[in-house]
Amino acid sequence: MHARPDAIPVEDKPAYFRPVIPLLLALMAGIMGARHGPEWMTWPVGTAGVAAIIVSLNALIRNRNAKTAPLILYACLGYLLLFTWTAEQGFPDHVSRYMDERLYHISGTVIETPGVSRLRQTCVIDDIEITGARRDPYQQVRGRIRVSIYGTEPMVQSGDRIAFFSSIRPFTNFKNPGAFNYRQYMADRLIWGTAYTDTRKIMVTTTPGTAGAAWRIQEIRESLSGLIHRATDTNARPVLMALLLGERRQIPEELRDAFNRAGVSHILAISGLHVGIVATAAFFAFKWLLSFSSFLLWRGWVNKGAAILAVTPVVFYGLLAGMSPSTQRAVIMISVFLMTFPLEKEHEIFNTLALAGLVILIFDPPALFSVSFQLSFSAVVSILYGLEKSSKGLARITASLPRPAKPTIGFAWVTCLAILGTAPVIMYYFNQLPVFGVLANLAVVPLIGFISVPAGLFSILVLNLFSAEAAVLGLRLSAWFLDGSIWLIDLIARCPFAAFKTVTPSLLEILCYYLFFWCLFNIRGSKNRSDASEKRWPHQNGETIAQIGSKEIRTPAVLISGITRKIAVKAEPVFLVLVMVIIIAAADAAYWAHKRFFDASLRVTILDVGQGSAALLELPRGHCVLIDGGGFSDNTIFDMGQWVLAPYLWRNKIRTVDTVILSHPHTDHVNGLVYILKHFRIGRVISTYEPAGHREYLEFIDLIREKNIPHTDFSSLPRSFRINGVMFDLLYPPDDFMGPDAGRPWQNPNDNSLVVRVAHGPHAVMFPGDITAEAENELIGMHPDGLEAAVLIAPHHGSRTSSTPAFLDAVNPRAVVVSSGRPATFPAPDVMERYQNRGIHLMRTDTHGAVRLISDGRRLTCRPLIGKIFILR
């Protein structure tokens with residue numbers, strides 16, 4: 001008799017006892033190859049054809065399954081799926097053909113509920129028609145665009161047909177090493193450009209009624225949203241929208257951050273709990289209805305029929321909830337589980353999970369690169385695998401405990417497994433780990449998962465069918481428990497040590513992490529097998545054992561043989577992998593320790609922050625200096641510190657900025673520093689103390705006071721100081737630049753910029769802020785012989801009001817870096833021509849990306865992200 005597959009130890013099972021898993025891995029490999037590899041078409045198509053023929057011949061002629069050919073077939077399929085996902089961009093009627101700065105009349109249909117911020121609405125439109133002039137015919141185009149509508153009244157709704165005048169701009173990436181590829185992220189959603197308008201210039205031309213299933217589902221969503229709005233106006237409202245309808249964009253940033261710090265943000269995603277409740281309720285409801293049929297009862301089809309019918313409400317609720325990756329996974333897994341009833345097949349949970357991933361990636365291959373897909377599957381895989389490996393140990397631990405304690409211990413262990421499984425992904429994307437995650441989940445999940453969610457689902461899916469008022473009452477009960485949960489979450493999040501920021505792990509470090517825990521889960525079984533093998537190891541001929549009383553004395557030959565046996569037995573895959581992981585992790589730690597704290601060079605990185613300025617200086621022995629932080633006009637629209645500066649610092653394993661230097665308080669220099677002061681350890685701040693009235697600068701000053709960051713008065717600052725062999729000279733402005741007797745009516749915040757010269761060995765880099773011609777002349781008069789620098793950061797982003805010939809004569813730069821993001825305004829063509837006529841090597845962050853300057857004390861290497869490297873000796 002053959003043993004059942006689940007009775008065979010995992011390590012002794014055949015390679016394809018879970019056949020969907022290798023197919024999923026092959027598909028994922030193909031998708032990643034298409035994203036990061038060459039753009040081929042002929043080879044994948046030909047290889048897929050050959051693999052398909054081999055699979056067919058094995059199945060039809062040899063009557064057996066192929067092993068390698070299916071993997072090749074699915075790898076080619078993954079490559080082709082992603083390769084063709086964005087193929088519409090090549091069509092002549094694609095929207096990208098209209099990204100030429102011309103003004104167009106655009107009309108399109110809003111396909112998702114608009115996001116609303118303090119200043120604007122943001123929506124995505126499809127089914128787009130464009131015309132260039134009033135009398136030209138409209139041209140139907142492929143693709144979607146994102147529309148930013150300044151003003152919040154009137155509100156645009158999903159399904160509205162809107163018309164407006166605007167140009168269409170491509171998405172831009174900040175060209176910094178390892179930066180997030182925003183353009184690719186939007187292309188994965190088939191969104192190719194962005195347009196801007198305001199509520200005074202937009203016209204809603206039509207509002208479709210029941211124009212298809214998608215719009216009907218959207219109408220139901222809006223109707224249920226209205227019920228939630230009637231039920232509560234507290235913080236429970238946006239959370240209920242997320243819990244029941246999958247609409248998370250209405251959650252305030254502060255509340256979202258509280259969920260993240262408490263370690264319970266996963267609750268906001270519709271996943272297995274929600275879909276499982278719907279499936280269970282539907283199954284038992286249909287089972288009760290079908291039990292009235294004697295025909296089905298006699299034939300044993302009640303459970304089978306109930307399972308088949310329950311799939312429909314499960315899929316409907318998934319569509320109603322927006323079908324996020326976590327919802328898709330849950331819908332597919334639960335649907336497959338329900339279908340095991342009529343098919344009378346055994347349910348294999350890992351195979352089902354792999355099938356869910358396979359289906360999602362076939363229909364949406366870019367989902368592989370989405371955060372929600374990775375978090376959802378890493379959490380479920382870690383929970384399932386951890387429970388499989390620890391079930392016996394967990395049973396022994398809880399055997400002597402009282403009955404009420406057993407589920408608590410089990411739930412805490414499941415939470416720990418989820419945290420362990422998702423920790424690297426969370427660190428990679430969010431640079432944060434919760435400290436009280438397990439305790440917060442123990443306290444909050446029962447309230448939300450077992451009371452608020454069931455009550456809310458019952459209200460919108462059942463009570464609403466009979467009475468809207470009854471549904472509102474049920475939602476109020478759900479919101480009441482939810483308000484209590486939010487209060488508890490906020491209490492945990494306010495604890496100073498509720499969460500801590502982390503550096504960004506590399507992909508190699510993430511791999512080592514998962515392999516290490518795989519070894520921990522498998523090392524015990526390996527040890528048991530090692531012991532058994534050692535007991536079975538026969539003595540070699542010629543070995544002798546002398547007996548003295550009850551003790552054995554082994555001869556040298558026996559001792560050597562025993563050591564050899566242990567080494568041979570221990571050299572199993574799990575131990576080899578563990579040793580390899582430890583060696584790689586130690587080498588990685590040594591590399592980063594040397595780079596951060598033992599590198600004797602000066603590394604200056606002028607970052608691409610668009611229209612603005614920001615530079616990171618990494619000094620010998622680990623001291624970090626940040627000069628300016630870039631920024632747009634309003635951090636609520638885009639926070640340069642959160643999305644550009646902080647990720648770059650974390651990727652380089654930097655959590656402490658020893659010195660922050662602010663040249664002047666304009667938004668394109670100070671706004672990005674606000675987030676840095678909030679989330680990094682700051683040693684001190686240097687600025688001119690010039691006041692400004694905008695919100696971000698006031699927040700910057702408040703943070704310095706709240707965190708007690710040293711901020712020496714400008715008049716008391718030493719004008720020259722040395723840090724780890726690097727000389728800093730504060731050249732400008734004069735001490736009394738804000739005094740009543742300064743006598744400089746031409747000055748403004750630009751001309752009051754703090755000018756910093758940084759020298760290491762024979763080379764220097766000058767950071768002049770945004771000074772203009774008048775300040776340049778005064779600077780020359782103050783330091784007639786001390787301005788020379790090998791590299792000059794272009795004053796005022798290359799504006800025509802700066803970089804006078806006299807100033808360039810005094811500095812005599814061999815290279816100039818222009819930090820700019822508005823090609824139509826900065827830098828000025830005549831200034832660029834002035835640089836070129838002097839033979840100065842020119843680098844621009846808008847075209848060359850971030851520029852890295854490395855000084856070893858003898859020579860200075862200029863390394864732009866895009867372009868050629870050159871060396872100044």
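The values are calculated or read from the model by the stated rules, or taken from the named source; none is laboratory data. Since this is a predicted model, take the numbers as computed values, not measurements. Cβ placement follows ideal geometry from the backbone for every residue including glycine, while neighbour counts extend to all protein chains displayed. Areas reflect the complete protein model, heavy atoms only, side chains present, ligands, DNA and RNA absent. Shrake-Rupley method; radii C 1.70, N 1.55, O 1.52, S 1.80 Å.
Could you please find all residues in the stretch 160-181 being in contact with a Phe, Trp or Tyr (Cβ under 8 Å, 6 or more places away or on another chain) and free of Cβ contacts under 8 Å to residues at least 40 places away in the same chain?
Result: F171, N173.
Give the residue that is nearest to G30 (Cα to Cα), with candidates limited to residues of the stretch 368-394 that are within 30 Å of the chain's Cα centre (by Cα) and small (G, A, S).
S370
Conditions: (1) part of a helix (DSSP H, G or I); (2) out of contact with any Phe, Trp or Tyr (no Cβ under 7 Å at 6 or more places or on another chain); (3) at pLDDT 85 or above; (4) open to solvent by 20 Å² or more (accessible area, probe 1.4 Å). S56 meets all but one. Number of the miss?
(3)
Where residues in the stretch 102-117 are open to solvent by 10 Å² or more (accessible area, probe 1.4 Å) and touching a Cys at 6+ places or on another chain (Cβ under 9 Å), which of them is nearest to Q250 (Cα to Cα)?
Among those residues, the one meeting the criterion is G115.
Name the residue, out of L842, L787, L779, that is of a type outside the set (F, W, Y) and assigned to a helix (DSSP H, G or I).
L779
So, in the stretch 225-239, of the ones that are of a type outside the set (G, A, S) and in a helix (DSSP H, G or I), which residue ends up nearest to A470 (Cα to Cα)? Working first, answer last.
Taking the stretch 225-239 and keeping what is of a type outside the set (G, A, S), we get 227-230, 232-235, 237-239.
Now drop any that are not in a helix (DSSP H, G or I), which leaves 227-230, 237-239.
Working: L227: 10, I228: 12, H229: 14, R230: 12, R237: 17, P238: 20, V239: 20 Å.
Here the residue is L227.
Which residue, of A423, A455, is open to solvent by less than 40 Å² (accessible area, probe 1.4 Å) and within 23 Å of the chain's Cα centre (by Cα)?
Exactly one residue qualifies, and that residue is A423.
Go through the stretch 38-89 and give me each residue that's under 32 Å from the mean Cα position of the chain (by Cα) and of a type in the set (S, T, N, Q).
Within the stretch 38-89, T84, T86, Q89 meet the criteria.
Is there a residue in the stretch 770-789 that is in contact (Cβ under 8 Å) with a residue 60 or more places away in the chain, open to solvent by less than 10 Å² (accessible area, probe 1.4 Å) and more than 17 Å from H666 (Cβ to Cβ)?
No.
Test of understanding: among A479, A443, which residue is farther than 30 Å from Y385 by Cβ, in a helix (DSSP H, G or I) and in contact (Cβ under 8 Å) with a residue 40 or more places away in the chain?
Among A479, A443, only A479 is farther than 30 Å from Y385 by Cβ, in a helix (DSSP H, G or I) and in contact (Cβ under 8 Å) with a residue 40 or more places away in the chain.
Please determine whether any residue of the stretch 262-278 is open to solvent by 70 Å² or more (accessible area, probe 1.4 Å), assigned to a helix (DSSP H, G or I) and among the polar types (S, T, N, Q).
Checked against the condition, which is being open to solvent by 70 Å² or more (accessible area, probe 1.4 Å), assigned to a helix (DSSP H, G or I) and among the polar types (S, T, N, Q), the stretch 262-278 yields no hits at all.
Within the stretch 728-740, can one find any residue that is within 38 Å of the chain's Cα centre (by Cα), open to solvent by less than 60 Å² (accessible area, probe 1.4 Å) and modelled with pLDDT of 95 or more?
Yes.
Can you find even one residue in the stretch 395-414 that is assigned to a helix (DSSP H, G or I), at pLDDT 85 or above and within 22 Å of the chain's Cα centre (by Cα)?
No, because not a single residue in the stretch 395-414 is assigned to a helix (DSSP H, G or I), at pLDDT 85 or above and within 22 Å of the chain's Cα centre (by Cα).
Out of the stretch 753-763, which residues are in a loop (DSSP other than H, G, I, E, B) and open to solvent by 10 Å² or more (accessible area, probe 1.4 Å)?
G761, P762
Give the residues of the stretch 373-393 that are modelled with pLDDT under 85, open to solvent by 40 Å² or more (accessible area, probe 1.4 Å) and under 26 Å from P424 (Cα atoms), sorted by residue number.
Listed by number, the list holds a single entry, S391.
Please go through the stretch 126-182 and pick out each residue that is within 23 Å of R221 (Cβ to Cβ), open to solvent by less than 60 Å² (accessible area, probe 1.4 Å) and in a loop (DSSP other than H, G, I, E, B).
T152, V156, S158, G159, D160
How many residues does the stretch 299-328 hold that are more than 21 Å from P454 (Cα to Cα), crowded, with 16+ Cβ neighbours inside 10 Å and at pLDDT below 80?
1
Quick check: anything in the stretch 795-813 farther than 26 Å from L602 by Cα, part of a helix (DSSP H, G or I) and in contact (Cβ under 8 Å) with a residue 40 or more places away in the chain?
no
Select from the stretch 212-232 the residues that are modelled with pLDDT under 85 and either farther than 17 Å from V156 by Cβ or charged (D, E, K, R) (or both) and list them in ascending order.
G212, A213, A214, R216, I217, E219, I220, R221, E222
Return the only residue of G437, G474 being small (G, A, S) and either touching a Cys at 6+ places or on another chain (Cβ under 9 Å) or within 30 Å of F575 (Cβ to Cβ) (or both).
On inspection, the qualifying residue turns out to be G437.
Just to confirm my filter: which helices (runs of 4 or more DSSP H) fall fully inside the stretch 294-349 and include at least 1 residues that are in contact (Cβ under 8 Å) with a residue 60 or more places away in the chain and among the small types (G, A, S)?
Counting at least 1 such residues, we get 325-343.
Could you list, ordered by first residue, the pairs with Cβ atoms under 6 Å in which the first is in the stretch 367-378 and of a type in the set (G, A, S) and the second is in a helix (DSSP H, G or I) and open to solvent by 40 Å² or more (accessible area, probe 1.4 Å), at least 6 apart or interchain?
As it stands, the answer is none, since no pair meets every condition given.
Only one residue in L842, L872, L853, L808 is within 36 Å of the chain's Cα centre (by Cα) and surrounded by fewer than 21 Cβ atoms within 10 Å (Cβ to Cβ), so which one is that?
Of the residues listed, the single one that is within 36 Å of the chain's Cα centre (by Cα) and surrounded by fewer than 21 Cβ atoms within 10 Å (Cβ to Cβ) is L842.
Do the conditions hold for F286, that is, is it open to solvent by 30 Å² or more (accessible area, probe 1.4 Å), in a helix (DSSP H, G or I) and of a type in the set (F, W, Y)?
For F286, the condition - open to solvent by 30 Å² or more (accessible area, probe 1.4 Å), in a helix (DSSP H, G or I) and of a type in the set (F, W, Y) - is met.
Which pairs turn up if I take residues in the stretch 699-719 that are modelled with pLDDT under 95 and look for partners that are open to solvent by less than 20 Å² (accessible area, probe 1.4 Å) and in a loop (DSSP other than H, G, I, E, B) with beta carbon separation below 8 Å, at least 6 apart in sequence or on another chain?
From the stretch 699-719, the pairs are F714/S687; F714/T688.
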